1. With a 1.4 Å probe and all protein chains left in place, how much accessible area per residue does the chain have, in Å²?
2. For a quick check, take a GNM of the chain with Cα springs below 10 Å and name the residue from Gly101, Gly80, Gly162 with the largest mean-square fluctuation.
3. Quick one: compute a quarter of the convex hull surface over the Cα atoms of the range 168-236 and quote it in nm².
4. May I ask for the angle, rounded to the nearest 10°, between helix 101-116 and the longest principal axis of the chain, with both axes built from Cα atoms and the value confined to 0 to 90°?
5. Fully extended, how many nm does the chain gain between His193 and Glu45 (0.36 nm per residue separation, minus their Cα-Cα distance)?
6. What ratio of Cα Rg to 2.2 N^0.38 Å holds for the chain?
7. Beyond a 19 Å Cα-Cα separation, which of these cross-linked pairs lie in this structure: Lys91/Lys237; Lys237/Lys258; Lys91/Lys232; Lys6/Lys132; Lys6/Lys290; Lys6/Lys91?
8. Quick one: net charge of Val225's neighbours, Cβ under 15 Å, K/R +1, D/E -1?
Amino acid sequence: MKLTVKAYAKLNLLLDIVGVLPNGYHSLNMIMQSVDLHDTVSVEETDGQGIVITSSDSNVPTDSRNTVWKAVLAFEEYTGKKCTVRINIDKRIPSPAGLAGGSADAAATLYALNIIYNTDLSDSELCRIGSKVGADVPFCIVGGTQLSQNIGDVLSPLPSIGDCHIVIGVPDTPVYTKDAYRRFDTSRDEISHPDFTTLLSDAANGNYDSVYKNTANVFEQVIDVPDRVPIKAVMRKNECELTLMSGSGPSVFGIFKKATDALHCANELLQITKNVCVCRPVDKGIEIVKE
Ligand code: ATP
(Lines give C-alpha, C1' and ligand atoms only; values in the text may rest on other atoms or scores of the structure.)
Protein backbone atom coordinates (compact mmCIF):
# COMPACT_ATOMS: atom_id res chain seq x y z
CA MET A 1 0.00 0.00 0.00
CA LYS A 2 1.14 3.54 -0.75
CA LEU A 3 -0.14 6.72 0.90
CA THR A 4 0.71 10.30 -0.04
CA VAL A 5 0.23 12.99 2.57
CA LYS A 6 0.59 16.77 2.67
CA ALA A 7 2.66 17.88 5.67
CA TYR A 8 1.81 21.50 6.50
CA ALA A 9 4.31 24.04 7.85
CA LYS A 10 3.65 25.96 11.07
CA LEU A 11 4.09 29.52 12.25
CA ASN A 12 4.42 30.77 15.81
CA LEU A 13 1.92 33.53 16.58
CA LEU A 14 3.47 33.51 20.09
CA LEU A 15 6.66 31.91 21.37
CA ASP A 16 7.70 32.37 24.98
CA ILE A 17 10.16 30.26 26.96
CA VAL A 18 8.92 30.08 30.53
CA GLY A 19 11.31 27.70 32.26
CA VAL A 20 13.69 24.79 32.13
CA LEU A 21 12.46 21.35 33.21
CA PRO A 22 14.57 18.99 35.38
CA ASN A 23 15.51 17.01 32.21
CA GLY A 24 16.99 20.18 30.64
CA TYR A 25 14.15 20.70 28.14
CA HIS A 26 12.65 24.17 27.88
CA SER A 27 9.06 24.74 28.87
CA LEU A 28 7.17 26.85 26.33
CA ASN A 29 3.98 28.83 25.79
CA MET A 30 3.26 28.97 22.07
CA ILE A 31 0.36 29.79 19.79
CA MET A 32 0.85 27.76 16.62
CA GLN A 33 -0.81 28.07 13.24
CA SER A 34 -0.72 25.62 10.31
CA VAL A 35 -0.34 27.12 6.84
CA ASP A 36 -0.82 25.63 3.38
CA LEU A 37 2.90 25.70 2.56
CA HIS A 38 3.66 21.97 2.64
CA ASP A 39 6.00 19.08 1.93
CA THR A 40 4.49 16.03 0.27
CA VAL A 41 5.42 12.75 1.94
CA SER A 42 4.76 9.44 0.16
CA VAL A 43 5.00 6.29 2.27
CA GLU A 44 4.98 2.91 0.50
CA GLU A 45 5.15 -0.51 2.09
CA THR A 46 7.81 -2.63 0.35
CA ASP A 47 8.94 -6.28 0.36
CA GLY A 48 12.50 -5.17 1.07
CA GLN A 49 14.35 -4.70 4.31
CA GLY A 50 13.98 -1.68 6.55
CA ILE A 51 13.65 2.00 5.69
CA VAL A 52 14.60 3.77 2.44
CA ILE A 53 14.28 7.58 2.26
CA THR A 54 14.53 9.77 -0.83
CA SER A 55 14.12 13.53 -0.97
CA SER A 56 13.84 16.22 -3.61
CA ASP A 57 16.22 18.36 -1.48
CA SER A 58 19.81 17.11 -1.41
CA ASN A 59 20.49 19.12 1.80
CA VAL A 60 18.11 16.94 3.79
CA PRO A 61 19.76 13.77 5.19
CA THR A 62 18.23 10.49 3.99
CA ASP A 63 19.65 8.31 6.76
CA SER A 64 18.83 7.85 10.47
CA ARG A 65 19.25 11.62 11.05
CA ASN A 66 16.05 12.29 9.11
CA THR A 67 13.01 12.97 11.30
CA VAL A 68 11.03 10.60 9.09
CA TRP A 69 13.43 7.76 9.92
CA LYS A 70 13.11 8.59 13.64
CA ALA A 71 9.32 8.57 13.27
CA VAL A 72 9.39 5.04 11.80
CA LEU A 73 11.56 3.79 14.68
CA ALA A 74 9.29 5.43 17.29
CA PHE A 75 6.24 3.88 15.58
CA GLU A 76 7.88 0.45 15.58
CA GLU A 77 8.77 0.74 19.26
CA TYR A 78 5.22 1.75 20.26
CA THR A 79 3.36 -0.79 18.12
CA GLY A 80 5.82 -3.69 17.99
CA LYS A 81 5.44 -3.75 14.18
CA LYS A 82 8.40 -4.08 11.82
CA CYS A 83 8.11 -1.53 9.01
CA THR A 84 9.60 -2.03 5.56
CA VAL A 85 8.92 1.25 3.81
CA ARG A 86 10.12 3.56 1.05
CA ILE A 87 9.46 7.20 1.92
CA ASN A 88 9.84 10.06 -0.52
CA ILE A 89 9.85 13.65 0.75
CA ASP A 90 9.04 16.29 -1.83
CA LYS A 91 10.47 19.27 0.07
CA ARG A 92 8.83 22.69 -0.25
CA ILE A 93 9.16 23.90 3.35
CA PRO A 94 12.51 25.72 3.69
CA SER A 95 14.84 24.11 6.23
CA PRO A 96 16.07 24.99 8.79
CA ALA A 97 13.74 27.94 8.95
CA GLY A 98 11.58 27.82 12.10
CA LEU A 99 8.68 26.42 10.05
CA ALA A 100 8.81 22.87 11.49
CA GLY A 101 9.61 21.22 8.16
CA GLY A 102 11.25 18.18 9.74
CA SER A 103 8.51 17.84 12.35
CA ALA A 104 5.78 18.07 9.70
CA ASP A 105 7.41 15.23 7.72
CA ALA A 106 7.64 13.09 10.86
CA ALA A 107 3.98 13.80 11.68
CA ALA A 108 2.92 12.86 8.13
CA THR A 109 4.92 9.63 8.36
CA LEU A 110 3.29 8.58 11.65
CA TYR A 111 -0.13 9.37 10.21
CA ALA A 112 0.55 7.28 7.09
CA LEU A 113 2.09 4.33 8.99
CA ASN A 114 -1.01 4.17 11.24
CA ILE A 115 -3.15 3.63 8.13
CA ILE A 116 -0.77 1.39 6.19
CA TYR A 117 -0.16 -0.95 9.15
CA ASN A 118 -3.79 -0.87 10.34
CA THR A 119 -2.78 0.03 13.87
CA ASP A 120 -5.84 2.18 14.62
CA LEU A 121 -3.95 4.54 16.94
CA SER A 122 -5.79 7.66 18.15
CA ASP A 123 -4.43 11.15 17.47
CA SER A 124 -3.34 11.41 21.10
CA GLU A 125 -1.36 8.14 20.79
CA LEU A 126 0.25 9.44 17.57
CA CYS A 127 1.11 12.67 19.43
CA ARG A 128 2.67 10.67 22.27
CA ILE A 129 4.86 8.79 19.76
CA GLY A 130 5.58 12.05 17.90
CA SER A 131 6.77 13.91 21.00
CA LYS A 132 9.66 11.41 21.19
CA VAL A 133 10.74 12.51 17.69
CA GLY A 134 10.52 16.29 18.10
CA ALA A 135 8.83 19.05 20.08
CA ASP A 136 6.69 20.30 17.17
CA VAL A 137 5.55 16.85 15.96
CA PRO A 138 2.39 16.67 18.14
CA PHE A 139 1.27 20.06 16.84
CA CYS A 140 1.97 18.99 13.25
CA ILE A 141 -0.23 15.91 13.74
CA VAL A 142 -3.19 17.95 15.04
CA GLY A 143 -2.60 21.30 13.30
CA GLY A 144 -4.92 24.28 12.89
CA THR A 145 -4.65 26.93 15.61
CA GLN A 146 -3.43 25.55 18.92
CA LEU A 147 -2.00 26.64 22.24
CA SER A 148 1.10 24.48 22.64
CA GLN A 149 2.72 24.19 26.07
CA ASN A 150 5.28 22.34 28.15
CA ILE A 151 7.69 20.82 25.58
CA GLY A 152 5.10 21.07 22.79
CA ASP A 153 3.25 17.98 24.00
CA VAL A 154 0.34 19.78 25.70
CA LEU A 155 -2.06 21.10 23.05
CA SER A 156 -5.33 23.02 23.46
CA PRO A 157 -7.39 24.10 20.44
CA LEU A 158 -7.97 27.83 19.92
CA PRO A 159 -10.50 29.63 17.70
CA SER A 160 -9.46 30.01 14.08
CA ILE A 161 -7.56 33.18 13.15
CA GLY A 162 -9.97 33.57 10.22
CA ASP A 163 -9.27 34.13 6.59
CA CYS A 164 -6.07 36.05 5.86
CA HIS A 165 -3.01 36.09 3.61
CA ILE A 166 0.42 35.24 4.97
CA VAL A 167 3.78 36.16 3.51
CA ILE A 168 6.90 34.33 4.67
CA GLY A 169 10.39 35.65 3.95
CA VAL A 170 13.31 33.36 4.74
CA PRO A 171 16.63 35.19 5.15
CA ASP A 172 19.83 33.38 4.13
CA THR A 173 21.19 33.32 7.72
CA PRO A 174 20.70 29.73 8.96
CA VAL A 175 19.67 29.31 12.61
CA TYR A 176 19.95 25.95 14.38
CA THR A 177 17.38 25.37 17.12
CA LYS A 178 19.92 23.97 19.62
CA ASP A 179 22.12 27.08 19.26
CA ALA A 180 19.07 29.29 19.68
CA TYR A 181 18.20 27.68 23.03
CA ARG A 182 21.85 27.94 24.13
CA ARG A 183 21.80 31.66 23.35
CA PHE A 184 18.53 32.07 25.20
CA ASP A 185 20.00 30.32 28.27
CA THR A 186 22.98 32.66 28.43
CA SER A 187 20.74 35.78 28.30
CA ARG A 188 17.82 34.39 30.29
CA ASP A 189 17.82 37.13 32.95
CA GLU A 190 17.61 39.95 30.41
CA ILE A 191 14.63 38.58 28.44
CA SER A 192 11.36 40.50 28.56
CA HIS A 193 8.31 38.24 28.35
CA PRO A 194 4.88 38.89 26.81
CA ASP A 195 1.77 38.98 29.03
CA PHE A 196 0.60 35.39 28.57
CA THR A 197 -2.62 35.65 30.61
CA THR A 198 -3.94 38.51 28.47
CA LEU A 199 -2.76 36.88 25.22
CA LEU A 200 -4.44 33.60 26.07
CA SER A 201 -7.69 35.24 27.07
CA ASP A 202 -7.70 37.29 23.84
CA ALA A 203 -6.90 34.22 21.71
CA ALA A 204 -9.54 32.11 23.49
CA ASN A 205 -12.11 34.84 22.66
CA GLY A 206 -10.97 34.96 19.03
CA ASN A 207 -9.70 38.52 19.56
CA TYR A 208 -6.62 38.12 17.36
CA ASP A 209 -6.32 41.87 16.66
CA SER A 210 -5.33 42.24 20.30
CA VAL A 211 -3.09 39.13 20.18
CA TYR A 212 -1.25 40.60 17.17
CA LYS A 213 -0.63 43.89 19.04
CA ASN A 214 0.80 42.27 22.16
CA THR A 215 2.47 39.05 21.10
CA ALA A 216 6.19 38.28 20.84
CA ASN A 217 8.72 35.63 19.95
CA VAL A 218 11.41 35.77 22.66
CA PHE A 219 13.98 34.31 20.26
CA GLU A 220 13.95 37.69 18.50
CA GLN A 221 15.76 39.06 21.57
CA VAL A 222 18.68 36.61 21.28
CA ILE A 223 18.92 35.54 17.63
CA ASP A 224 20.62 38.00 15.33
CA VAL A 225 19.14 37.82 11.82
CA PRO A 226 20.39 40.86 9.89
CA ASP A 227 17.54 40.81 7.33
CA ARG A 228 14.80 40.65 9.95
CA VAL A 229 14.52 44.42 10.40
CA PRO A 230 14.25 45.27 6.66
CA ILE A 231 11.81 42.38 6.07
CA LYS A 232 9.59 43.58 8.91
CA ALA A 233 9.78 47.14 7.60
CA VAL A 234 8.51 46.00 4.16
CA MET A 235 5.70 44.01 5.80
CA ARG A 236 4.61 47.00 7.93
CA LYS A 237 4.77 49.34 4.93
CA ASN A 238 2.32 46.98 3.20
CA GLU A 239 -0.19 47.14 6.07
CA CYS A 240 0.40 43.82 7.79
CA GLU A 241 -1.59 43.01 10.94
CA LEU A 242 1.39 41.27 12.52
CA THR A 243 4.99 40.56 11.62
CA LEU A 244 7.07 38.16 13.71
CA MET A 245 9.89 35.66 13.45
CA SER A 246 8.70 32.04 13.48
CA GLY A 247 10.27 29.50 15.85
CA SER A 248 13.99 30.00 16.30
CA GLY A 249 14.08 31.67 12.89
CA PRO A 250 15.26 32.90 10.58
CA SER A 251 11.81 32.99 8.82
CA VAL A 252 9.83 36.18 9.28
CA PHE A 253 6.13 36.18 8.44
CA GLY A 254 3.47 38.84 7.99
CA ILE A 255 -0.30 38.46 8.26
CA PHE A 256 -2.40 40.56 5.86
CA LYS A 257 -6.14 41.14 5.50
CA LYS A 258 -5.92 41.94 1.79
CA ALA A 259 -4.45 39.63 -0.89
CA THR A 260 -3.21 42.65 -2.87
CA ASP A 261 -1.15 43.91 0.11
CA ALA A 262 0.31 40.43 0.61
CA LEU A 263 1.27 40.08 -3.06
CA HIS A 264 2.76 43.56 -3.18
CA CYS A 265 4.76 42.83 -0.02
CA ALA A 266 6.01 39.50 -1.43
CA ASN A 267 7.23 41.22 -4.61
CA GLU A 268 9.08 43.87 -2.62
CA LEU A 269 10.66 41.27 -0.35
CA LEU A 270 12.32 39.62 -3.36
CA GLN A 271 14.84 42.48 -3.23
CA ILE A 272 15.94 41.25 0.21
CA THR A 273 15.67 37.46 -0.15
CA LYS A 274 14.83 35.10 -3.00
CA ASN A 275 13.06 32.79 -0.57
CA VAL A 276 9.57 34.29 -0.29
CA CYS A 277 6.19 32.58 -0.27
CA VAL A 278 2.55 33.59 0.05
CA CYS A 279 0.21 31.19 1.82
CA ARG A 280 -3.04 30.87 3.78
CA PRO A 281 -3.90 29.40 7.17
CA VAL A 282 -5.28 25.84 7.25
CA ASP A 283 -7.24 24.04 9.97
CA LYS A 284 -5.23 20.82 9.92
CA GLY A 285 -1.62 19.64 10.11
CA ILE A 286 -1.86 16.75 7.67
CA GLU A 287 -3.99 15.94 4.65
CA ILE A 288 -4.17 12.77 2.58
CA VAL A 289 -3.63 13.38 -1.15
CA LYS A 290 -6.19 11.52 -3.24
CA GLU A 291 -4.42 9.62 -6.06
P1 ATP B 1 11.47 23.80 13.97
O2 ATP B 1 10.62 24.99 13.61
O3 ATP B 1 10.63 22.58 14.37
O4 ATP B 1 12.58 24.09 14.93
P5 ATP B 1 13.07 24.09 11.61
O6 ATP B 1 12.23 24.62 10.50
O7 ATP B 1 13.90 25.09 12.35
O8 ATP B 1 12.14 23.29 12.61
P9 ATP B 1 13.76 21.72 10.21
O10 ATP B 1 13.19 22.06 8.88
O11 ATP B 1 12.97 20.75 11.02
O12 ATP B 1 14.04 23.01 11.08
O13 ATP B 1 15.25 21.21 9.98
C14 ATP B 1 16.23 21.20 11.02
C15 ATP B 1 17.37 20.28 10.59
O16 ATP B 1 16.88 18.94 10.67
C17 ATP B 1 17.86 20.49 9.18
O18 ATP B 1 19.07 21.18 9.21
C19 ATP B 1 18.03 19.08 8.60
O20 ATP B 1 19.38 18.74 8.39
C21 ATP B 1 17.45 18.14 9.63
N22 ATP B 1 16.37 17.28 9.11
C23 ATP B 1 16.15 16.02 9.46
N24 ATP B 1 15.06 15.53 8.84
C25 ATP B 1 14.56 16.51 8.09
C26 ATP B 1 13.42 16.59 7.24
N27 ATP B 1 12.60 15.56 7.02
N28 ATP B 1 13.18 17.78 6.65
C29 ATP B 1 14.01 18.83 6.88
N30 ATP B 1 15.10 18.79 7.66
C31 ATP B 1 15.38 17.64 8.29
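1. 45
2. Of the options given, Gly80 has the highest mean-square fluctuation.
3. 5.8
4. The answer is roughly 30 degrees.
5. Net length gain for the segment: 48.6 nm.
6. So the chain has a normalised radius of gyration of 0.98.
7. From the list (Lys91/Lys237; Lys237/Lys258; Lys91/Lys232; Lys6/Lys132; Lys6/Lys290; Lys6/Lys91), the Cα-Cα distance tops 19 Å for Lys91/Lys237; Lys91/Lys232; Lys6/Lys132.
8. The answer is -2.
The values are calculated or read from the model by the stated rules, or taken from the named source; none is laboratory data. All values derive from a computational prediction rather than experimental measurement. Don't worry about glycine lacking a Cβ; one is built from the backbone with ideal geometry, like all the others, and counts go over all protein chains shown. Please note that ligands, DNA and RNA were not included when accessible areas were found on the heavy atoms of the full protein model with its side chains. Shrake-Rupley method; radii C 1.70, N 1.55, O 1.52, S 1.80 Å.
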